[in-house]
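Visitor: Dropping a structure here in structure tokens format, bear with me for questions.
Computed from the coordinates by the stated procedures, all read-outs in this text should not be read as laboratory data. Since this is a predicted model, take the numbers as computed values, not measurements. Reconstructed Cβ throughout: ideal geometry from the backbone, glycine too, with neighbour counts over all protein chains shown.
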Amino acid sequence: MSGEILIQVIDIVRFQTIRPALSELEAVRMLGSEARIVLREATASPFARGIRYGHFAGLLSRILSHLELELRVFLTSRDVDEVIHGLVRVLCFENGAKFSLVEAVGPNWVVLESSLSTFIHLNWFRQIFLEGGSESALAYPQHGEVRYYVLRREDVAHLAAGLRPLLEEPALAPEAEGLARLAARALSAENLTLAHTCLL
Amino acid sequence: MPPSVDEKAEERAARLERQAWDAIADGFRLEDGIRLASEAFATRQAFQGEGHRDLIWPLSLWIEALRWMHHADSAMEAARLGERRLALRRVALAGAPDELACSVRELMELYTFENGSLDPRRVDELRRELARRPDTGGPGQEV
């Protein structure tokens, strides 16, 4: 396995709540009242303007300005993919799914890059992050470069337990500590879990 | 009651559009995307007619796939389909002049390939059209 793994905290219950709205967007017809509420909520989020230099916020504004129109008439497939991805980021991920490739560990993210070659040799790590298969894939976004996979809560607990001995190892400590913090955060509430994606 | 001929055609067109979208977004199956989108377009054209607004979506998918090919011929074909799409949007977006202006800009972009214009005269026409529109800062708009 090459590349990097980005791990973040996701509100999976929130995702299930907005999933019908995401399906409606994907149908590219006229939006119903529930989907409109979801879009308005995203518009009010401070994270909305940060996505692709405000392009996401611009698309939300265009849709909400023309609720009488079918999306397929004035948007492109790329626009719709961007709206779906943006909604998941803004409404379901902590801190609007913000992360950095410069800092491997942040308040709501961990990027495993150089340390991945060490983690990958741990059986429990491979079981949790690589052997979940397609059934752990988040239903949306299903297009574009990013595909998220979510951990079951027992996997998050498994992760927390596996990380404990690594916290003493200087080479892995920053990422292990960051992951342990994210796992503890995910386990602190029933609606939370961890999502991961490959960054190429 | 069994589905009517039109219902079957609608199902087929919608399925082709979904498959085209998947193929285009995948990035490695653009030729499949072109084939599927063009089949969806032909299906809708046959059962909904030449001027139906539902033709816009398969056209958009088709254009998207052609744009990702990054060839001059594909870009020209995308612009040609973009003209067809704009003609349909002029009717569908008659009540939404701001969106129609967006569509005109999209067509101008379709005529751009590798920092050059595929048809400078046509792009000028579109630019003049935009300048005339009151909603895009043209002479009809009060400053």
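Visitor: For the Cα atoms of chain B, what angle does the longest principal axis make with the long axis of helix B:5-26, in degrees from 0 to 90, nearest 10?
Guide: Between helix and principal axis, roughly 60 degrees.
Visitor: Oh, and also: List every residue whose amide H lies under 5 Å from the amide H of A:VAL105, counting only residues 5 or more places away in sequence or on a different chain, with H placed 1.01 Å from N in the peptide plane.
Guide: So A:VAL105 has HN proximity to A:VAL111.
Visitor: Select from A:HIS85, A:ALA35, A:GLY50 the residue farthest towards the positive end of the dipole of the range A:18-94; place +1 on Cβ of Lys and Arg, -1 on Cβ of Asp and Glu, and compute about the Cα centre.
Guide: Going by the charge dipole, the pick is A:GLY50.
Visitor: With charges set only on the Cβ (+1 for Lys and Arg, -1 for Asp and Glu), what does the dipole of chain A come to about its Cα centre, in debye to the nearest 20? All intermediate terms of the calculation are to be shown ahead of the outcome.
Guide: Values: 19 positive and 24 negative charges, 96 e Å.
My answer is approximately 460 debye.
Visitor: Still on this structure: Relative contact order, percent, of the range B:5-136 when contacts are C-alpha pairs under 8 Å separated by at least 6 residues? Let's see the in-between values first.
Guide: On the way: 144 pairs, mean separation 23.3, N = 132.
With pairs under 8 Å counted, the relative contact order is 18 percent.
Visitor: By the gyration tensor of its Cα atoms, with a ≥ b ≥ c the square roots of the eigenvalues, what is the shape of chain B: rounded for a/c under 1.5, prolate for a/b over b/c, or oblate? Mind dumping the intermediate values first?
Guide: Details: a/c = 2.76, a/b = 1.44, b/c = 1.92.
Oblate is the answer for chain B, as a/c is 1.5 or above yet b/c matches or exceeds a/b.
Visitor: So, one more: Once you list every other residue whose beta carbon is under 12 Å from the beta carbon of A:LEU25, what net charge do they have if Lys and Arg are +1 and Asp and Glu are -1? The partial results should precede the final answer.
Guide: Numbers: positive: A:ARG19, A:ARG29, A:ARG36, A:ARG72; negative: A:GLU24, A:GLU26, A:GLU34, A:GLU70, A:ASP79, A:ASP81, A:GLU82.
Result for the neighbourhood of A:LEU25: -3.
Visitor: Can you tell me the 0 to 90 degree angle between the C-alpha axis of helix B:30-48 and the longest principal axis of chain B, rounded to 10?
Guide: Between helix and principal axis, roughly 80 degrees.
Visitor: Using amide H atoms built in the peptide plane, which far-off residues or other-chain residues are under 5 Å from A:LEU138 H to H?
Guide: Residues meeting the criterion, in which the H sits 1.01 Å from N, are A:TYR148, A:TYR149, A:VAL150.
Visitor: Here is a further query. Using θ = phi - 60° and the Karplus relation 6.51 cos²θ - 1.76 cosθ + 1.60, list the HN-Hα couplings for the range A:54-65 in order, rounded to whole Hz, with x at every Gly or Pro.
Guide: Karplus values, whole Hz, x for Gly and Pro: x, 4, 4, 4, x, 5, 4, 4, 4, 5, 5, 7.
Visitor: Given a Förster distance of 22 angstrom, what is the FRET efficiency for B:ARG128 paired with B:HIS71, based on the Cβ-Cβ distance and rounded to 0.05? It would help to have the intermediate numbers written out before the result.
Guide: Details: r = 29 Å, r/R0 = 1.32.
Computed FRET efficiency for B:ARG128 and B:HIS71 comes out at 0.15.
Visitor: So, R0 is 25 Å and r is the distance between the beta-carbons of A:LEU200 and A:SER100; what FRET efficiency does that work out to, to 0.05? Write out the running numbers ahead of the final one.
Guide: Working: r = 17 Å, r/R0 = 0.66.
The computed FRET efficiency comes out at 0.90.
Visitor: Treating only the Cβ atoms of Lys and Arg (+1) and Asp and Glu (-1) as charged, compute the dipole magnitude of the range B:30-143 about its Cα centre; round to the nearest 20 debye. Could you put the intermediate results ahead of the total?
Guide: Values: 16 positive and 20 negative charges, 66 e Å.
Result for the range B:30-143 is approximately 320 debye, rounded to the nearest 20.
Visitor: State, to one decimal in nm, how far the label point of A:ALA161 lies from the label point of A:ASN191, with both points 7 Å from Cα in the Cβ direction.
Guide: Once both label points are built, they end up 2.8 nm from each other.
Visitor: Quick check: the angle from helix A:173-187's long axis to the longest principal axis of chain A, C-alpha only, nearest 10 degrees?
Guide: The angle comes out near 50 degrees.
Visitor: What does the charge dipole of the protein assembly as shown about its Cα centre add up to, to the nearest 20 debye, if the Cβ of each Lys and Arg holds +1 and the Cβ of each Asp and Glu holds -1? All intermediate terms of the calculation are to be shown ahead of the outcome.
Guide: Numbers: 40 positive and 51 negative charges, 121 e Å.
In total the dipole reaches around 580 debye.
Visitor: Using modelled backbone amide H atoms (1.01 Å from N, in-plane), which distant-in-sequence or interchain residues come within less than 5 Å of B:PHE113's amide H?
Guide: Placed amide hydrogens put B:LEU118 under 5 Å from B:PHE113.
Visitor: How would you classify chain A from its alpha-carbon gyration tensor, with a ≥ b ≥ c the square roots of the eigenvalues: rounded for a/c under 1.5, else prolate if a/b is greater than b/c, otherwise oblate? The partial results should precede the final answer.
Guide: Numbers: a/c = 2.29, a/b = 2.17, b/c = 1.06.
Here chain A falls in the prolate category.
Visitor: FRET efficiency for A:SER33 and A:GLU135, Cβ-Cβ distance as r, R0 = 30 Å, nearest 0.05? Provide the component values of the computation, followed by the final result.
Guide: Working: r = 32 Å, r/R0 = 1.06.
That gives a FRET efficiency of 0.40.
Visitor: Whole-Hz ³J(HN,Hα) for each residue in the range B:65-71, computed from phi via Karplus 6.51 cos²θ - 1.76 cosθ + 1.60 with θ = phi - 60°, x for glycine and proline: what do you get?
Guide: These are the phi-based 3J(HN,Hα) values: 5, 4, 4, 6, 5, 6, 10 Hz.
Visitor: Turning to a different aspect of this structure: Could you derive backbone 3J(HN,Hα) for the range A:138-153 from the dihedral phi with the Karplus parameters 6.51, -1.76 and 1.60 (θ = phi - 60°), listing whole Hz in sequence and x where the residue is Gly or Pro?
Guide: 5, 5, 9, x, 10, 10, x, 7, 9, 10, 8, 10, 10, 8, 6, 4
Visitor: Another one. Projecting each Cα onto the charge dipole of the protein assembly as shown (Lys/Arg +1, Asp/Glu -1 at the beta carbon, about the Cα centre), which of A:ASN191, A:GLY162, B:HIS52 comes out farthest on the positive side?
Guide: Of the candidates, B:HIS52 comes out farthest on the positive side.
Visitor: Which whole number gives the average, over all residues in A:66-73, of C-beta atoms from other chains lying within 10 Å of the residue C-beta?
Guide: Working: counts 5, 0, 2, 6, 5, 1, 9, 14.
That average works out to 5.
Visitor: Would you work out which of B:TRP62, B:TYR111, B:ALA131 lies farthest towards the positive end of the dipole of the range B:5-136, given +1 charges on the beta-carbon of Lys and Arg and -1 on that of Asp and Glu, about the Cα centre?
Guide: B:ALA131
Visitor: To continue, here is another question. Let me know the shape class of the range B:1-48, please: from the alpha-carbon gyration tensor, a ≥ b ≥ c as square roots of the eigenvalues, rounded when a/c is under 1.5, otherwise prolate if a/b is greater than b/c, or oblate.
Guide: On the way: a/c = 4.52, a/b = 2.22, b/c = 2.03.
Taking the square roots of the gyration eigenvalues as a ≥ b ≥ c, the range B:1-48 is prolate.
Visitor: Considering Cα pairs under 8 angstrom that are at least six residues apart, work out the relative contact order of chain A and quote it in whole percent. Kindly include the intermediate steps, with their values, before the conclusion.
Guide: On the way: 277 pairs, mean separation 64.8, N = 200.
Relative contact order here is 32 percent.
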